[in-house]
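All remarks here apply to the structure that follows.
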Amino acid sequence: MKMDIAVTVNGRRYQASIEPRLLLSDFLRDIIGLTGTHVGCEHGVCGACTILVNGDSVRSCLTLAVRADGMDVVTVEGLGTPDQLNVLQSEFREKHGLQCGFCTPGMLMTGMDLLNKYPLASDDEIREGLSGNLCRCTGYQNIVAAIRSAVALRNGSTP
Ligand code: FES
Ligand code: FES
């Protein structure tokens, strides 16, 4: 049995007929070809697959694609372009917030959720917000620094 869904991803509407068991991460990567969303653990542990659904960060490896029917999804491809990075991407580059880059899409999408919703007045608050995203390379220092810098820009002060 297949089900029809219509979902908006990065401002573009997609329609597809899919199996109800298809994961949203697999829909994004295999059906519509947006491979920027990474899949690590597939168990909701690492955070690499994090995307925004209706403005909230969601683990796409734990979400059925049919649940996204009628929803508005943003993936890392929707943040900026190589020529015009969004503020968080730009600060990740500036502060060396990545090494291998595997965790980076999830870090960015979680970071956008945090930036959009919370004051992030301290590094502790930033670290708590990132606690569901694992990075095996950076030791997190520069990721926190990048988000701290983006918070300053959001708040209109100098990073
Ligand atoms: Fe989804 Fe690890 S791949 S949380
Ligand atoms: Fe390699 Fe985070 S930069 S896992």
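List of remarks:
- Residues being more than 16 Å from Arg59 (Cβ to Cβ) and within 13 Å of ligand 1 (Cβ to nearest atom) - total across the range 1-44: 0
- Of all residues in the range 38-68 being closer than 17 Å to Tyr14 by Cα and polar (S, T, N, Q), the one that is surrounded by the fewest Cβ atoms within 10 Å (Cβ to Cβ): Asn54
- Enumeration of residues in the range 114-143 that are in a loop (DSSP other than H, G, I, E, B), within 16 Å of ligand 1 (Cβ to nearest atom) and either buried (at least 18 other Cβ atoms within 10 Å of the Cβ) or without any contact (Cβ under 8 Å) to a residue 24 or more places away in the chain (or both): Leu130, Ser131, Asn133, Cys135
- From the options Gly80, Gly111, residue that is free of Cβ contacts under 8 Å to residues at least 12 places away in the same chain, in contact with a helix residue (DSSP H, G or I) (Cβ under 9 Å, 6 or more places away or on another chain), surrounded by 15 or more Cβ atoms within 10 Å (Cβ to Cβ) and under 24 Å from Gly33 (Cα atoms): Gly80
- Check on Cys61, over 30 Å from Met3 (Cβ atoms) and either under 14 Å from the mean Cα position of the chain (by Cα) or within 13 Å of ligand 2 (Cβ to nearest atom) (or both): no
- Selection over the range 31-45 of residues that are hydrophobic (A, V, I, L, M, F, W, C) and away from ligand 2 (no atom under 16 Å from the Cβ) gives a count of 3.
- Test: Arg59 is of a type in the set (Lys, Arg) and touching a Cys at 6+ places or on another chain (Cβ under 8 Å): yes
- Extreme residue, farthest from ligand 2 (Cβ to nearest atom), among residues of the range 144-159 that are assigned to a loop (DSSP other than H, G, I, E, B) and without any contact (Cβ under 8 Å) to a residue 24 or more places away in the chain: Gly156
Every number in this text was worked out from the coordinates using simple rules, so none of it is lab data. Just so it is clear, the model here is predicted, and its values are computed rather than measured. Backbone-built Cβ (ideal geometry, glycine too); neighbour counts: all protein chains shown.
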